[in-house]
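Here the structure comes first, spelled out in structure tokens, and everything after it is commentary.
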Protein chains: 2
Amino acid sequence: MAESMKGLHRTHRCTQVTSSNIGEEVTVMGWVQKSRNKGGIIFVDLRDRSGMIQIIFEAADVKAEGFAKAEKLRSEFVIAVVGKVEARSGAVNENLLTGDIEIRAKEIRILSEAQTPPFPIEENSKTKEELRLKYRYLDLRRPDLQENIILRSKAVNITRTFLAEEGFLEIETPILQKSTPEGARDYLVPSRVHPGSFYALPQSPQLFKQLLMCSGFDRYFQIAKCFRDEDLRADRQPEFTQIDMELSFVDVDDVLDVNERLLKKLFDETIGIDVSLPIQRMTWQEAMNRYGSDKPDTRFGMELKDVSETVKDCGFGVFTGALENGGSVRGINAKGQGAMPRKKIDALVAFAKDFGAKGLAYLSIGEDGSYKSSFSKFMTEEELEALVTAMDGEKGDLLLFAADVNKVVYDVLGNLRLEIARSLELIDKTKYNFLWVTEFPLFEWSQEQNRLVAMHHPFTMPIEEDLELLDTNPAAARAKAYDIVLNGTEIGGGSIRIYQDDVQEKMFELLGFTKEESYERFGFLLNAFKYGVPPHAGLAYGLDRLIMLMAKEDSIRDVIAFPKVKDASCLMSNAPDVVDKKQLEELDIALVSKTKE
Amino acid sequence: MAESMKGLHRTHRCTQVTSSNIGEEVTVMGWVQKSRNKGGIIFVDLRDRSGMIQIIFEAADVKAEGFAKAEKLRSEFVIAVVGKVEARSGAVNENLLTGDIEIRAKEIRILSEAQTPPFPIEENSKTKEELRLKYRYLDLRRPDLQENIILRSKAVNITRTFLAEEGFLEIETPILQKSTPEGARDYLVPSRVHPGSFYALPQSPQLFKQLLMCSGFDRYFQIAKCFRDEDLRADRQPEFTQIDMELSFVDVDDVLDVNERLLKKLFDETIGIDVSLPIQRMTWQEAMNRYGSDKPDTRFGMELKDVSETVKDCGFGVFTGALENGGSVRGINAKGQGAMPRKKIDALVAFAKDFGAKGLAYLSIGEDGSYKSSFSKFMTEEELEALVTAMDGEKGDLLLFAADVNKVVYDVLGNLRLEIARSLELIDKTKYNFLWVTEFPLFEWSQEQNRLVAMHHPFTMPIEEDLELLDTNPAAARAKAYDIVLNGTEIGGGSIRIYQDDVQEKMFELLGFTKEESYERFGFLLNAFKYGVPPHAGLAYGLDRLIMLMAKEDSIRDVIAFPKVKDASCLMSNAPDVVDKKQLEELDIALVSKTKE
């Protein structure tokens, strides 16, 4: 039975009713959170998007018919209630915004009955995620998820307003694009009109936003859906959202400036966090040297120290061997962890090995100043002393060392640093530490493809001083690329783009593309560049991750209304699914495994 | 050769420089519109997104090196200029915002050279669209297209801000969905992880936005990309954009009210049109009776008149025959067209036949009051007189009649009315006439499927008084559905949704679905409805068409940055295109025609 709301008009959302409305008649509508009959009075907690309010039903007020309806109420029934606002008769509920008032019902309509939901609608649900995702429409009723989605909507709105005020135009780029083999795996869409041809869903609007700069739109942005058909990790979705922007006639400082102001406004107006400007900047090299990471979490110290010089003549072959192979020896100082039990240290050694270390050298300093170390027998007293001094080692400290090629050393110590901070709870979770990482390497070596690949993308501009390196030592060239890092997570990145023919040609050459290949891949952009291209630059944020950090959630699934799970399926709608034979016939495609049968 | 902009910082866009800047030094950057050397002085029109400004180069100001650069300039070169603002030395150019000033260049850098573009970058281009679409990035430099894209960005921004202020949350729904066979043809996306399964791109966020109401989000909106794999007509695109919204705890008036205020704000703040509220409302039946259309253009009269009663006993078999078959006889009065030559009338008859008329009866009234008519010999003087009176016929008028089943009569006269108004230029193009069309039929008969189909969609609520008709005469039931019409074009539409189990079940029954079939199609929504669903309603605008009307363009391609053409391909990027064999293998699909070879 579902009653009509005819003749009723909601006057307030639940928590819009306050003590200032006492004595007034209001109409509220929402879901029954819970209902209980206490000595002939029925108490109902009514819930809507804004929160909850208590309704009381007494037979004298709502008549027998109304009271009978109130007696039927169960969780998740949808009702409309007309009643008078009163000061709460019982004890004030401090946990509720509306805890000091209640509504004495005069009229009730049951707009929709409800079966018992498969799990309770409550904050911090203990129900396992799989079941919640199957009933996502119920899961989304939980106040914590509602808050996340509301936060996301607010954040996006602030972003758009800010960018519009800064002269950015919001321009839609196509979802049905051409497949370009560079980058991750494309999602394909078979064309019915052109049998044998396919569209691809965009991995990002990169080429189109650069075209828009060629067209003279000067400043573009888009909250853009992007797609990557990759095997999903915890933090990935097949479709995800970017705050995407591109600007003409700018250099690095201009891009960073407008984005710093965006972040300041965004964090202030959503979660009340004051981002102090300018945001710290650090070159990629400094970030690697100090934190072993290109996205350092600067909420705590425990920085890496390069002790190569100190140990270069010592007797410990692991150290000197690494140096002889062109590597380095670096350490971190886990302050006050000198008494860490052997078992725990062994776990750290195992952790380090997961990141490619052959081993992990350690030295703990007792409260009495004595050393316990995995390598003391290989070094003299003076050598050990020098090492401890170099590491600012004090009584009660634990020193951990990695010796290998730089890449491994950075990776091991960077991750070890995080692991120790996490397990010892060294991180102040109230902090929001932003950091620009700049001057990324232009290239990185792809073991797989046995060639240089673009670290950011092939249109990234080298920094002016390094243009000569393209001829002599391209691997050492730095890029005008920048990432914005928040609490150790990369939330966005971008670069100044190449707008000069000769530089672009050299880039492609270094990436091992023939002229034909580069035109095959990026033809329409390269053609556009022939007709007058402005210097331009851009940046894109991963919106899902950004909101996740703002909401202090651990998974981006908690900030996406209808997320997919690891196998890229939707547990609620069962997408993807089989389709009618006729649909495939129209597309001129067949399933290979079926064909084989 | 491309110079760096290092050390320069743009101070103004071209038309931000005004006479108030005279005497100041400014830095502008943009594209050379044209360049001419007049007696040793080089005049350059520099263009950016904002418009144009004149730059003058004299050797004494820019040195020999600078002057040499200025001499090299050709159309579409990208340059940066530093110079002093002066009052224009020559005649003031009234056509330019900056026509009273010019910049005397002190420094010039050529940031990018340009080949001669394949067509001139100018307003109201005469170049054929195919070539312009191939070089869309150049076409988009034309000021008229730039204005359209800027208008679109502005309109979308105003819409978002308004809706956010009205308590709507912007929530993203998935692009990778499950295919539902109802509606138009889906675009499919093969799943790699689940071979043999497919995602579908959404035709609209319909089911998801209703789920969001079930989740209690109360008010949702999204500027949503939608996809339909249909054969393209003039103003269709395979991907298009909707302003999509859904509201809980509302009835028709609430939806119309918030949308009227949206439209008022939108038209005022973009193109300065004052929409007077409330917007006129008309039932579907009245719209058909008066205009022969469910999207009437009310900018002119020439309304349909039902003369069935007048002619029911006349001697003209075409009229009486139509009435005997349950049809009607209706006419329009083309005022003052009594002297229309026979050839033109014949063309109108042919036009009417295209819309299903077997013929078109006409009667012209001479300036002397005499009648010339295709049917006068079948009717008496009195019958003719009565007919002319019924049509308010006066000297010099042309009366046109259709007699058939209502559907054909409406269609013929509705279109004839538009055709005559267009060819006689009766339409005041400065007008923006809005109209709500309400109370649409709930069902229409599908000849093809030989069953009732939902006119709006299967979740549309019947109007209360007609609920009984579902049992007795469902084809006569009216829906709580509404369209918003602007100048004879439907720009949006929506409905109140069914939220009652029993009504929904009856709907599916009438649509000929078994319970199993309805669950197969809409299972997750029907399941969601079991757990408490609020009364809700929604509306969606076709954004592309809306902007097209605001911009007074004839094609939606002129308001989309990167549109596709009739065969759903992109002439610029060549999407769709063939893909690597490896990509198809990974998806476990094969091309049928290739397989056959």
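The values are calculated or read from the model by the stated rules, or taken from the named source; none is laboratory data. Only a predicted model underlies this, so the values are computations on that prediction, with no experimental measurement involved. Note: ideal-geometry Cβ built from the backbone for every residue, glycine included; neighbour counts use all protein chains shown. Accessible surface is based on the protein model in full, side chains and every heavy atom, while ligands, DNA and RNA are left aside. Shrake-Rupley method; radii C 1.70, N 1.55, O 1.52, S 1.80 Å.
So the values come out like this:
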read-out	value
Long-range lysine pairs (8 or more apart or interchain), segment B:349-454, Cα under 22 Å	7
Computed helical MRE - 222 nm, chain B, DSSP H runs ≥ 4 contributing -39500 (n - 2.57), nearest 500	-9000 deg cm²/dmol
Three principal axis lengths of the protein assembly as shown [C-alpha, angstrom, descending]	129, 102, 71
Distance between segment B:275-315 and segment A:112-153 - C-alpha centres, whole angstrom	49 Å
Antiparallel %, DSSP beta bridges [both residues in the protein assembly as shown], to 5	95 percent
Relative contact order (%) - criterion: Cα under 8 Å, at least six apart; region: chain B	13 percent
For segment B:433-507 and segment A:537-597, distance of Cα centres in Å	33 Å
Rounded to 5, the percent of DSSP beta bridges in segment B:14-112 classed as antiparallel	95 percent
Residues of segment A:573-590 buried by at least 30 Å² on assembly (accessible area, 1.4 Å probe, chain alone as reference)	A:Ser573, A:Ala575, A:Pro576, A:Asp577, A:Val579, A:Gln583, A:Glu586, A:Leu587, A:Asp588, A:Ile589, A:Ala590
At most 15 other Cβ within 10 Å, DSSP loop - trypsin sites (Lys or Arg not before Pro), segment B:226-303	B:Arg233
Nearest 10 degrees, 0 to 90: helix B:406-423 Cα axis against chain B principal axis	40 degrees
Nearest 10 degrees, 0 to 90: helix B:381-390 Cα axis against chain B principal axis	50 degrees
For segment B:14-112: lysine pairs under 17 Å (alpha-carbon distance), excluding those fewer than 8 apart on one chain	10
Accessible surface of chain B [probe 1.4 Å, protein heavy atoms]: carbon and sulfur percent	47 percent
Per residue, in Å², the accessible surface of segment B:91-143 once ligands and nucleic acids are set aside, probe 1.4 Å	50 Å²
Counting DSSP beta bridges with both ends in chain A, the antiparallel % (nearest 5)	95 percent
Å² of accessible area per residue within segment A:300-423, as computed with a 1.4 Å probe and no ligands counted	48 Å²
Helix B:143-165 vs. chain B, principal-axis angle (Cα, 0 to 90°, nearest 10)	60 degrees
Low-density loop cleavage sites - trypsin sites (Lys or Arg not before Pro) in segment A:122-213, where at most 15 other Cβ are within 10 Å (DSSP)	A:Lys126, A:Lys128
Distance between modelled label sites at B:Glu130 and A:Thr116, nm, 7 Å Cα→Cβ extension	6.9 nm
Lysines whose Cα lies under 22 Å from that of A:Lys582, excluding same-chain neighbours fewer than 8 positions away	A:Lys594, A:Lys596, B:Lys178, B:Lys594, B:Lys596
Phi to ³J(HN,Hα) by Karplus 6.51 cos²θ - 1.76 cosθ + 1.60 over segment A:359-375, Hz, x for Gly, Pro	x, 9, 8, 9, 8, 10, 10, x, 5, 8, x, 6, 9, 10, 8, 6, 10
Shielded by partner chains, segment A:529-569 residues - at least 10 Å² of accessible area, 1.4 Å probe, vs chain alone	A:Lys530, A:Tyr531, A:Gly532, A:Val533, A:Pro534, A:Pro535, A:Ala561, A:Phe562, A:Lys564, A:Asp567, A:Ala568
Ranked order, A:Glu490, B:Glu465 - accessible area, probe 1.4 Å, largest first	B:Glu465, A:Glu490
Probe 1.4 Å - accessible area at B:Glu517, Å² to nearest ten	70 Å²
Solvent-accessible surface (1.4 angstrom probe) belonging to B:Ser376, in square angstrom, nearest 10	40 Å²
Area hidden from solvent between B and A (accessible, protein heavy atoms only, 1.4 Å, total, Å²)	11000 Å²
Chain-alone versus full-assembly comparison, segment B:178-208, residues with accessible loss of at least 50 Å² (1.4 Å probe)	B:Lys178, B:Arg185, B:Tyr187, B:Leu188, B:Arg192, B:His194, B:Phe198, B:Tyr199
Added length on full extension, which subtracts the Cα-Cα distance from 0.36 nm per residue, B:Ala347 to B:Arg74	93.1 nm
